[in-house]
Amino acid sequence: MDKIALGISLLNGELKAAAFGKETGVPAGVQGGGTGDDLAGLGAALRGLVDKTGAAGKPVAVALAHPRLTDQIVDVPPVKGWKLERLLQRRAQTTKAFTGQAVWSRQAALPTKRGGAAWLHVCPKTVLEQLSAACAEAQVQLVRVLPTTAILASHLKTLPLAKDEVAVLAAETGAMTTVVVGRKDGRVCVGRVVRSNWNAEAERVGVDLTRSIGFAEQQSGLTVSSVWLFGAGAPAQVGRMEALLKLPVKLSPVGYSPLYWAEQAAALPEPEDGNLISMATQQAPQRRRFLTLTTMLLCVVAAMTAAAVSVVEVTRHHELQSIALLKEKMADLRSQQRDLQQAFDELEQMRTMTRVVSGEKLPPAPAWLLGYVSEAAPEGLVLTQLQIARTNDFWTVKLAGAADVGTNPPAVFRAAYQSLTNSLATGPFHLAITHSTLARAGEAASAPGAASEQTDAMEAAEKEPDSFVLEGVMR
């Protein structure tokens, strides 16, 4: 729960407020007018107090004493948790002394003769709704509504009582008197608000206290040993109450101030304080802040998500465009690849055909040799026959000729023939001469060879005088 900035006491129509500073926590008191039991003018009165204290928009706590706010001690079985809550809910709704829905809270109580007990504060739901509406009108947050009996039960802890001593504590609360009977630990066996005030009706208050003491002793089996008074006019009533009750009557050691109930409404410790505001209502401001913060965070996350989605969408769009362009380029490259592949296949086919043609075509050796012989043949010789044939890796050459007309001296013919053979043997073709024959009319000369070959040459020379025949091989 947030720190309470304004404590309000609404004691049977009397309205007061105590504002707590942020730094010191010291209350500053403001007193308002009466509002009546139906709380009809509470909103306007609260608005005036809030304006004076500057507590607008801040949490407030209310100490409430109201004629229809009652206290009950109820027996409870030995159960805990949600089962106990449901049991007390039924008890509060069935034992209420008014019509309509009830709101309730509970505190620890002294056990009765029959066993465990709980102390219920039961209030009409309409009263709490009027309080909430008045606080909303005054622009403050109602987070705490404490019965004056709950505050007085906490007051028991300040009394100088023995551990197991049972005492009565009575406090003036406006036109009524709040009474609790209990021990120093704050547990009570009776809690009630009587419709009388000792400043106006001391005897009636004495009678109500006597009845309360008798009822407490009857229910719990305990003995009340002392009575304590607290509030305006309490010191003047000590003697009279002692005479009426026949018990020691003392003043509470706690100093009284008109703002006591408003201060205690804001300062009382929270655990089992008897708050009539449900936990869900108490946590509503925190839930609203958490919801606001969560909504803001969700908005930020949504904005970031939208921005991220936008960036991703833009990136995706660009990537899709890039992919489309790349696909077009890939299609163009594939087309170029197909064209190049087709051209390459055609070129390869042409190269293959060229290799096949080049491999089947014989080297042009005859033409080369003919050209060479035409250039290398000296004057005085006339070539009459040239035969070239391919044998495996060799060429066989047969060359025949005769002396030119007018070349009669044998020495000239031989010199010309010797020049031709040298050119063929040492030239670029390196013809290996395997057989040669020279012949002139009436005589024959040949290179080393068989006798039959010389005879053939002689015969050829007789038919064609001044002639020669040359055979050889070349690569």
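When only alpha-carbon atoms count, how far does region 283-332 stretch along each of its three principal axes, as whole angstroms with the largest first?
70, 10, 5
Relative to 2.2 N^0.38 Å, what does the C-alpha radius of gyration of the chain come to as a ratio? Two decimals please. Spell out each step's value before the answer.
Values: Rg = 68.8 Å, N = 475, 2.2 N^0.38 = 22.9 Å.
Normalised Cα radius of gyration, the chain: 3.01.
Sorted from largest down, give the three principal axis spans of the alpha carbons of region 142-244, whole angstrom values.
Principal-axis extents of the Cα atoms in region 142-244, largest first: 41, 33, 24 Å.
Over all directions, what mean area does the Cα convex hull of region 6-282 project, stated in square nanometres? Show your work: numbers first, answer last.
On the way: hull surface 56.7 nm².
Seen from a random direction, the Cα hull of region 6-282 projects 14.2 nm² on average.
Return the loop-located trypsin sites (Lys or Arg not before Pro) in region 232-285 (DSSP other than H, G, I, E, B) with at most 15 other Cβ atoms within 10 Å of their own Cβ; answer none if there are none. It would help to have the intermediate numbers written out before the result.
Working: sites: ARG240, LYS246, LYS250; in loops: LYS246.
Passing both the DSSP loop test and the Cβ count: LYS246.
I want the local charge near ALA63. Using Cβ-Cβ distances under 12 Å, sum +1 for each Lys or Arg and -1 for each Asp or Glu among the other residues.
Working: positive: LYS16, ARG144; negative: GLU14, GLU263, ASP273.
Net charge in that neighbourhood comes out at -1.
Past 23 Å, Cα to Cα, is the threshold; run LYS96/LYS250; LYS16/LYS96; LYS96/LYS184; LYS113/LYS184; LYS80/LYS163; LYS80/LYS113 against it and keep the listed order. Let's see the in-between values first.
Details: LYS96/LYS250 34 Å; LYS16/LYS96 28 Å; LYS96/LYS184 28 Å; LYS113/LYS184 20 Å; LYS80/LYS163 26 Å; LYS80/LYS113 20 Å.
Flagged as over cut-off: LYS96/LYS250; LYS16/LYS96; LYS96/LYS184; LYS80/LYS163.
Rounded, prolate or oblate for region 53-170? Axes are the square roots of the Cα gyration tensor eigenvalues, ordered a ≥ b ≥ c, and the cut-off for rounded is a/c under 1.5.
Numbers: a/c = 2.26, a/b = 1.36, b/c = 1.66.
Judged from the Cα gyration tensor, region 53-170 comes out oblate (a/c at least 1.5, b/c at or above a/b).
Excluding ASP339 itself, calculate the net charge of residues whose Cβ lies under 15 Å from the Cβ of ASP339, where each Lys or Arg counts +1 and each Asp or Glu counts -1. Don't jump to the answer; show the numbers that get you there.
Numbers: positive: ARG334, ARG338; negative: ASP332, ASP345, GLU346, GLU348.
Value of the local net charge: -2.
Tally Lys and Arg at +1 and Asp and Glu at -1 over the other residues with C-beta under 15 Å from the C-beta of GLY48: what net charge comes out? Spell out each step's value before the answer.
Details: positive: LYS16, ARG47, LYS52; negative: GLU14, ASP51, GLU137.
Taking every Cβ under 15 Å from that of GLY48, the sum is 0.
For the ranges 5-11, 183-189, 195-201, 47-53, what's the packing order if you count other beta-carbon atoms within 10 Å of each residue, average per peptide, and put the highest first? It would help to have the intermediate numbers written out before the result.
Numbers: 5-11: 28.1, 183-189: 20.1, 195-201: 16.6, 47-53: 18.6.
By packing density, highest mean first, the sequence is 5-11, 183-189, 47-53, 195-201.
Throughout, read-outs are computed from the coordinates displayed, never taken from laboratory work. Just so it is clear, the model here is predicted, and its values are computed rather than measured. Neighbour counts are summed over all protein chains in view; Cβ atoms, including those assigned to glycine, are modelled from backbone coordinates with ideal geometry.
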